[in-house]
Each structure stands twice: as C-alpha cells, then as structure tokens.
Protein chains: 2
Amino acid sequence: MTQKGIGIGLLGLGVIGSGVVKVLLGKADGLAKQLGAPLLLRKVLVQDVSKHRTVTLGPHQLTTHAEEVLAAPDVDIMIEVIGGEYPATEYIKQAISHGKHVVTANKEVMAKHGFELLSLAREHKVDLRYEASVGSGIPLISSFQQDLAANEISAIHAILNGTTNYILTRMSREGLPFSAALKDAQELGYAEASPANDIEGTDAAYKLAILAGLAFHTVVDSQDVYCEGISRLQPQDFRYAREFGYAIKLLAIAKRDNGDIEMRVHPVFIPEDSQLAKVDGVYNAIQVESDLAGNLVFYGQGAGALRASSAIMADVLTIARNICRGAVSVPMIQINHKLAVKPMSSIKTRYYFRLSVADRPGVLAQISEVLGRNSISISSVIQKESDLESQTAVLVIMTHPAEEKSVQSALKEVGQLTVVHEVGNFIRVER
Amino acid sequence: MTQKGIGIGLLGLGVIGSGVVKVLLGKADGLAKQLGAPLLLRKVLVQDVSKHRTVTLGPHQLTTHAEEVLAAPDVDIMIEVIGGEYPATEYIKQAISHGKHVVTANKEVMAKHGFELLSLAREHKVDLRYEASVGSGIPLISSFQQDLAANEISAIHAILNGTTNYILTRMSREGLPFSAALKDAQELGYAEASPANDIEGTDAAYKLAILAGLAFHTVVDSQDVYCEGISRLQPQDFRYAREFGYAIKLLAIAKRDNGDIEMRVHPVFIPEDSQLAKVDGVYNAIQVESDLAGNLVFYGQGAGALRASSAIMADVLTIARNICRGAVSVPMIQINHKLAVKPMSSIKTRYYFRLSVADRPGVLAQISEVLGRNSISISSVIQKESDLESQTAVLVIMTHPAEEKSVQSALKEVGQLTVVHEVGNFIRVER
C-alpha cells in the first residue's frame with residue numbers, strides 16, 4: 001500500500017476502461033469505507049492523450065508511454081483492459097516483474113498464456129486475477145477456485161458468447177437467415193464490424209479453455225479446443241430442431257471422459273426444455289456438473305462495460321483487502337496433471353443430418369446402407385418439403401450415438417451418391 | 001495450524017455431518033495436496049456414541065460432551081451442523097471464545113444472531129463462515145461478499161426452499177391439492193414429518209434475512225421478514241394463473257425502496273416466461289439485480305448432504321488456506337447503516353383475487369364499488385365456472401398496483417357483502 005491509499009494503474013481507456021474509471025471515481029467514497037483505504041487512480045495508458053473522452057481525468061493522469069504506468073512506484077494494482085494478445089501479454093509480464101498485482105479482463109491472454117503468467121506472478125509474490133475474462137460480471141473464476149474447491153467437476157456446458165446467442169435467438173424466433181440476424185446485431189452494437197472472433201466460436205473457445213483449466217486442474221492449450229461457428233446454420237435447421245423438441249445453441253462443452261477431456265465449441269441441438277435452451281438474447285449461462293454441489297447454473301449478461309467493471313472491481317477489492325491486512329496475495333494455481341485432450345474424431349454423440357435428395361423410391365435405402373456400413377444407426381427420419389417441379393425432397397435424419405470420424409466419412413460418401421443433391425447440414429446433439 | 005495438519009472438529013453427525021465426514025475422509029489426499037497440509041478430523045459431538053452410523057470413525061473420535069470438541073487444543077476449525085437455534089448458538093460462541101474458526105450451515109442461527117456472532121469472531125480474531133446456510137452448494141454468500149462487492153444491489157427475488165417449490169410444481173403440473181402434494185413430498189423425503197418450517201415460509205425467511213443483510217450492508221432482524229406460506233393455495237389458483245400468463249411460486253423478496261427495504265416471503269404470481277417461473281422441483285434459484293453486474297441468476301439444488309458438504313468444505317478450505325499462508329482470517333462485516341424495514345401494510349403491488357359470488361346481475365358493480373372506494377383499480381376480471389344449481393360463480397380479478405392495507409380492508413368489506421359467499425384467495429403479483 002502506498003502512502004495515502006492503494007494506487008491503481010490502468011492500461012486502456014476504451015469502453016471497458018472508461019467503465020472502470022467511472023466506478024472508481026463514482027463509488028470512491030463507498031469503496032474507501034469498505035476497504036478502510038481509498039483506491040487512487042494514478043496513471044492511465046491511452047493511445048491518444050488528446051482524444052475526447054466520456055470520463056474526466058487530469059492530463060497528468062494520461063500517458064502514451066506504457067512504462068510510466070507499468071513501473072510507476074505509486075501503483076499497487078494494475079488493471080489491463082487493452083484486450084488482444086499483444087502487447088497486453090508483455091505489459092502484464094512487465095507489471096508483474098515490477099511487483100504490481102494485476103487484474104485483467106483479457107480472455108485471449110489468459111487462455112494462451114495463463115499458466116505462464118500465473119506462475120510468474122507467484123514467483124514475484126504478486127496476485128493475478130481475471131474474473132472478468134469469462135462471463136464478465138457472472139462470478140465464475142472465483143466460484144471454481146473457491147466455492148467448488150472440494151468438488152470434482154465432470155462437465156461444463158455453457159453459452160459463453162452473447163453475440164452469437166443473440167443471433168441464434170433471432171434466427172430461431174423470427175426465422176431470419178444468419179446474414180440478416182448478424183446485420184441487426186451489428187446495428188444494435190451487439191456484434192462488431194469484424195465479427196469473426198464471435199461468430200466463428202474463437203471467443204467462446206478462449207473462455208472455455210480458461211474454465212476447463214480451472215475445473216479440471218490442468219493446463220489447457222487453447223488450440224486444443226475444437227471450434228466451429230454458427231454461419232452454416234439455416235432457418236430450416238431451427239424449424240426441424242423444434243419439430244424434434246430441440247433448440248439450437250452455440251455451446252462450449254468441456255467434459256471428463258475416462259481420464260481424458262473433451263473440449264469443443266460448436267452449434268448443438270439441446271432439448272428445448274433444458275436450462276440452456278431457455279437462455280435467450282445476449283445472456284450467458286454456464287452449467288456445471290459436479291460431484292458434491294450437483295448441477296449448478298450461473299446466468300447473466302456476459303458483456304458490457306458495467307458488467308466487466310463489476311468483475312474487475314471485485315478482483316481489485318480482493319487484492320486490496322489482502323494488501324490492507326498485510327496478507328500474501330498470490331494466484332491460486334492447482335495443477336494436478338496435464339490431461340490428454342480427446343481428438344474431435346473420436347468423440348461420440350448423436351447427430352442431426354439435413355440432406356437434399358432426389359424425390360424418388362429407394363433413396364432412403366441407399367443412404368441408410370452407407371450409414372449402416374459406417375456403424376451409424378438411425379433413430380428417426382422424416383421427409384420434408386418435396387418440390388414436385390425439381391423432384392427434390394429434404395430428408396432429416398436423427399442418429400443414435402456415433403463416432404465423429406464415422407459420421408464424417410459417411411457424410412462424404414452420402415454426398416457422393418447420385419440421389420443426394422446436397423448434404424445441407426449436420427449438427428451434433430447434446431443429451 | 002496444529003503440528004501435523006489442520007484440526008477439524010465437528011458438531012453433529014446427522015445427514016449433513018455424515019456427508020461432511022465422507023468428503024473429509026474420502027477426499028483426504030486430494031484436499032491435502034490442494035492445501036499443502038492435511039485436514040484432520042479430530043473430534044465429533046454426537047448424541048449417542050453407540051448409534052450405528054454410515055461413516056466409520058474411531059470410538060475415541062466421538063463424544064457426547066460438547067466441551068471436548070469446543071475446547072480441544074488440536075482443533076483449528078469447528079464445523080457446526082447440529083441445526084436449530086439452541087444449543088448451536090451457544091456452541092458457536094464457545095468455539096469462537098476458545099479461538100476456533102467456525103463454519104456453520106445454520107440458517108436460523110445466522111439469521112437471528114449473525115451480526116453478534118460475526119462481531120464476536122472479529123473480536124477473537126477468528127473466522128466465521130456460513131456459505132451452506134443459504135442455497136446449500138450454490139455460491140451465494142461468497143458472491144455477495146466478494147464478487148458483487150462493488151455493486152449496489154437493488155433487489156433479490158429468490159426461490160430459497162426446495163420443499164415448497166417441489167409441492168408447487170406438483171400442484172401446478174398435475175392439479176394436485178396441497179395436502180396430496182405435501183404427502184408425496186414427505187414420502188419422497190423432500191418434506192419432513194413436521195413440515196411447518198418449510199411450508200409456512202420460515203425457512204425461506206431466515207435465508208432471505210441473511211442475504212438481505214449482505215446485499216444491503218445492514219443488520220436485519222429476521223423477525224422483520226413478512227412471512228406467509230403456501231397452504232392456502234388451491235389447484236384452481238394455478239389454473240387461473242396460467243390463464244393470465246403467470247406461474248405461482250413461493251418467492252423470497254428483498255428490495256430497496258427509497259432508502260427503506262422490503263423483505264417478504266409469500267406466494268406470488270410471476271410471469272410464466274420469467275427465469276424464476278421455470279425453476280421446477282426441488283431446485284433453488286436466486287435472482288439478483290445490481291447496478292454493475294446487472295441481472296444475475298444462480299441456480300442449483302439447495303438441499304441435501306452432498307450439496308451442503310460442497311459449501312461447508314469451501315469454507316473450511318478458505319480458512320485453511322488462510323491458516324497455511326499465515327494470513328489473518330476474520331469475517332467480512334460491512335454495515336453501512338441500519339435500514340428501516342417497510343411495514344407490509346404499506347407495500348404496493350398488483351393483486352389477484354378469487355371470489356365465490358352469487359351468480360346474478362349487479363354483483364360486479366357492488367364489488368367494484370368497494371374496491372374503487374379503497375383506491376383499488378381493476379385491470380381485468382373474468383367470471384368462471386357458474387354453478388347453476390347453487391347459483392354461484394367464481395370471479396377472478398387482477399388489479400393495478402394498490403397498497404396492501406387498502407387491499408386488506410377492501411377484502412374485508414368485500415367479504416361482508418351478501419352477494420359474496422367467500423373470498424377464496426388473494427395472491428400478490430410480482431412484475
């Protein structure tokens with residue numbers, strides 16, 4: 001603790017950074033009373049000092065030189081909200097090396113470099129906290145680290161990206177095509193101009209990597225998370241899903257499986273009466289299965305400046321409380337062993353296939369022969385929307401559990417049948 | 001920390017106590033590895049040493065003399081799972097006075113004596129944690145204390161009692177009368193032989209008092225929680241609720257209201273598409289509205305030995321980690337001011353009335369005249385189920401927001417009208 005209170009440095013003054021400043025300044029009295037010491041914002045790293053901002057800071061508080069924040073002697077806790085892998089990773093390392101505690105909202109950095117950074121922090125006897133990196137203001141990191149500490153966690157099923165959940169909700173409710181739903185999301189500010197990170201599942205994959213590492217006490221390589229986005233989905237998939245009693249969601253799934261783990265992000269059919277199926281719009285929800293606490297669900301808005309500020313300030317306050325009572329504050333790292341990640345080709349689940357086929361006798365026989373030969377057994381099949389003119393029909397098939405690699409090779413073969421015009425889509429089914 | 005590890009004392013070896021012992025023994029190696037020190041169960045207070053038990057403990061580990069556990073020099077952390085107000089309160093005080101950290105699952109003790117006990121613990125420089133007292137394994141206490149520490153919480157709406165939620169679910173789904181649903185719940189072990197604490201809302205009121213104190217940083221007198229149970233509900237109330245688009249739930253509600261707070265437990269109509277309406281069976285769900293984190297929902301099973309063990313062990317591990325790193329471990333108490341509790345008579349909400357009336361012209365006119373004179377405005381009214389033989393009909397009325405005391409006096413007056421056979425029920429509406 002510096003002389004007159006606890007010094008805060010801030011890296012980044014974008015949407016989230018400005019939110020943090022508003023809370024730090026607007027709630028200064030209450031927070032000081034709670035802690036017994038004030039939180040003092042010392043220095044903020046920005047790209048352009050002269051830019052007009054929604055928060056009022058003295059010109060001496062802003063700097064474009066990272067070193068002025070990272071090495072400032074009056075800074076105890078450094079908040080990183082720049083986002084992206086570089087230079088954020090380097091800044092965090094430097095801050096730690098200068099003996100600063102670090103609070104970050106950066107999922108990419110924590111997913112890719114978390115173990116290294118946490119170890120570095122322990123070495124330098126400082127804390128590194130990252131509650132805002134997953135689910136924003138929903139208490140997840142602390143729940144895994146503290147509240148579920150005695151549990152063995154067997155599975156996580158989660159909606160971790162509000163942008164894609166918003167798009168899927170619009171597609172499902174209004175029958176919108178993907179492109180129209182995305183455009184609306186962009187106009188409403190729910191999706192970025194370059195939405196790839198969200199819609200391709202990368203954002204959710206980073207978050208899943210962080211949660212899986214905590215849940216399974218292992219070091220996860222975020223590259224090991226299988227990742228598939230939502231752009232292949234079509235309005236008719238939602239209609240057929242509903243007919244079978246399912247909703248379509250982009251789920252992030254991490255499971256223990258005989259000593260290995262599965263980690264994957266992709267669209268799934270989930271029963272429409274399940275908890276996660278009912279999560280609509282920009283909300284996130286994280287379902288955890290554990291041996292003691294049972295089935296838990298955490299639900300809330302996983303994005304936005306205020307939501308992130310809630311989590312960032314919780315981390316700042318935890319560190320500040322430790323500083324105030326003179327306690328050692330270092331990251332909890334609990335690594336039991338590196339678990340093997342099951343390759344996607346060997347996961348086993350049920351599947352939905354949508355095929356465009358010739359509308360004539362014997363077609364189903366040919367398709368089922370291919371599936372059967374690949375050890376895929378059909379649980380139900382319906383033929384939809386015959387088009388008399390083009391003599392095509394849509395065949396919707398639900399399978400019993402089958403192995404991903406058998407499914408992929410069967411679909412390839414099915415696609416080559418002359419009676420099959422197109423393999424329209426395939427979607428995995430959970431539960 | 002005692003010489004060879006962290007000593008644990010246990011008060012009570014019933015269902016929850018046995019669950020805790022199973023976890024302590026069954027997970028001993030993993031927990032020791034996590035902590036860097038073993039958790040050693042030293043002494044257990046029981047009523048009868050010779051009773052057959054599902055857990056195997058040495059005869060020297062069991063005692064019927066509280067003092068042998070409370071004052072044991074080799075006990076660092078005392079777990080209290082006796083339940084009930086006395087002697088648990090006294091035992092906790094004694095343990096604290098002997099310098100033991102305490103972990104309790106006791107909602108009644110914490111609701112009635114929480115502030116006194118937490119203050120005593122701070123005085124003796126020991127910790128007192130109570131995560132299991134509300135929502136069992138759902139992380140609530142720690143979320144309020146830590147994760148939401150920077151938030152101003154404006155409202156809590158919660159299903160805090162699994163027994164009543166199970167009964168309401170059966171009544172709603174199957175049209176069962178209360179007594180039959182209760183009997184089934186008892187046969188399945190979801191309700192006790194003496195179910196008063198659950199069905200009269202007392203259990204939920206204790207839990208709400210604990211949460212409201214944490215959320216609003218105030219000292220709550222649990223007597224100030226208005227409390228009404230579910231035994232007045234009839235199958236037809238569920239049918240009418242559904243017709244208006246509502247579900248019926250026993251909600252625990254705590255709200256800020258112009259500097260005062262509202263705290264009440266009673267059956268409510270809530271919109272059937274709301275998060276809480278979808279919580280079925282023995283599950284609990286706690287919805288929190290806050291300025292930064294927004295709208296959060298925590299969902300899980302709020303009862304059972306394993307669920308409670310999850311929360312109890314989380315508390316034990318938090319204290320143990322502090323002991324291991326030599327940090328001061330005392331309760332967080334943050335009391336800003338004692339807030340006034342709004343009397344029930346002055347709360348304002350919408351209402352549902354079900355009246356049994358004479359089936360003849362002019363009846364509605366008489367009833368609306370009484371309501372109007374009491375400043376209660378009708379939002380919709382339907383007449384149901386005319387019985388030609390007895391010439392009675394059921395009148396279902398939904399009102400606009402009105403003050404509780406006006407409603408109570410109006411209902412009294414309505415009940416005295418000769419055309420009204422019976423005021424069948426009235427239920428408050430949330431949102």
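The values are calculated or read from the model by the stated rules, or taken from the named source; none is laboratory data. Bear in mind that the values here come from a model prediction, so they are computed numbers and not experimental data. For neighbour counting, all protein chains shown are included, and Cβ atoms are generated from backbone atoms with ideal geometry for every residue, glycine included.
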Does A:Ala191 fit the bill of being touching a helix residue (DSSP H, G or I) at 6+ places or on another chain (Cβ under 8 Å), in a loop (DSSP other than H, G, I, E, B) and away from every other protein chain (no Cβ under 14 Å)?
-> yes
Out of all the residues in segment B:368-375, is one or more surrounded by 13 or more Cβ atoms within 10 Å (Cβ to Cβ) and in contact (Cβ under 8 Å) with a residue 60 or more places away in the chain?
-> no
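The rows are residues; the columns are (1) outside the structural domain of A:Tyr166 (by TED's automatic domain parsing); (2) within 21 Å of A:Gln287 (Cβ to Cβ); (3) touching a strand residue (DSSP E or B) at 6+ places or on another chain (Cβ under 6 Å); (4) not in a loop (DSSP other than H, G, I, E, B).
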residue: A:Asn197; (1), (2), (3), (4): no, no, no, yes
residue: A:Ala205; (1), (2), (3), (4): no, yes, yes, yes
residue: A:Ile210; (1), (2), (3), (4): no, yes, no, yes
residue: A:Ser231; (1), (2), (3), (4): no, no, no, no
Does at least one position in segment A:363-380 carry a residue that is within 14 Å of another protein chain (Cβ to nearest Cβ) and not in a helix (DSSP H, G or I)?
-> no
When residues of segment B:279-295 are limited to those that are over 24 Å from B:Gly189 (Cβ atoms) and in contact (Cβ under 8 Å) with a residue 12 or more places away in the chain, the one farthest from the other protein chains (Cβ to nearest Cβ) = B:Glu289
A:Glu174 in contact (Cβ under 8 Å) with a residue 60 or more places away in the chain and acidic (Asp, Glu) = no
Extreme residue, nearest to B:Arg256 (Cα to Cα), among residues of segment B:278-320 that are at pLDDT below 95 and among the charged types (D, E, K, R) = B:Lys278
Of the residues A:Ala32, A:Ala71, which single one is within 15 Å of A:Val126 (Cβ to Cβ) and among the hydrophobic types (A, V, I, L, M, F, W, C)?
-> A:Ala71
Considering residues that are facing another protein chain (nearest Cβ under 10 Å) and among the polar types (S, T, N, Q), the number found within segment A:319-360 is 4
Could you please let me know if B:Ala95 is surrounded by fewer than 16 Cβ atoms within 10 Å (Cβ to Cβ) and of a type in the set (Gly, Ala, Ser)?
-> no
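Only one of B:Arg256, B:Arg307 is farther than 23 Å from A:Gly135 by Cα and either without any contact (Cβ under 8 Å) to a residue 60 or more places away in the chain or facing chain A (nearest Cβ under 9 Å) (or both). Can you tell me which?
Just one listed residue meets the conditions, B:Arg307.
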Assuming B:Ile382 fulfils every condition listed in (1) surrounded by 13 or more Cβ atoms within 10 Å (Cβ to Cβ); (2) within 16 Å of B:Ser368 (Cβ to Cβ) apart from one, which condition is it?
-> (1)
B:Val316, sole failed condition from (1) more than 26 Å from B:Lys255 (Cβ to Cβ); (2) surrounded by 20 or more Cβ atoms within 10 Å (Cβ to Cβ); (3) of a type outside the set (S, T, N, Q); (4) facing chain A (nearest Cβ under 7 Å) | (4)
Hey, any hits in segment B:92-109 for a residue that's hydrophobic (A, V, I, L, M, F, W, C), over 23 Å from B:Leu39 (Cβ atoms) and in the same structural domain as B:Leu39 (by TED's automatic domain parsing)?
-> yes
Qualifying positions in segment A:14-37 - surrounded by 22 or more Cβ atoms within 10 Å (Cβ to Cβ) and within 23 Å of the chain's Cα centre (by Cα) | A:Ile16, A:Gly17, A:Gly19, A:Val20
Residues of segment A:361-418 that turn out to be more than 25 Å from A:Arg239 (Cα to Cα), among the charged types (D, E, K, R) and touching a strand residue (DSSP E or B) at 6+ places or on another chain (Cβ under 8 Å), as a count | 1
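In segment B:373-392, what residues are farther than 18 Å from B:Phe244 by Cβ, touching a helix residue (DSSP H, G or I) at 6+ places or on another chain (Cβ under 9 Å) and not hydroxyl-bearing (Ser, Thr, Tyr)?
Looking only at segment B:373-392, we keep the residues that are farther than 18 Å from B:Phe244 by Cβ, and these are B:373-375, B:386-392.
Checking which are touching a helix residue (DSSP H, G or I) at 6+ places or on another chain (Cβ under 9 Å) leaves us with B:373-375.
Correct list: B:Arg373, B:Asn374.
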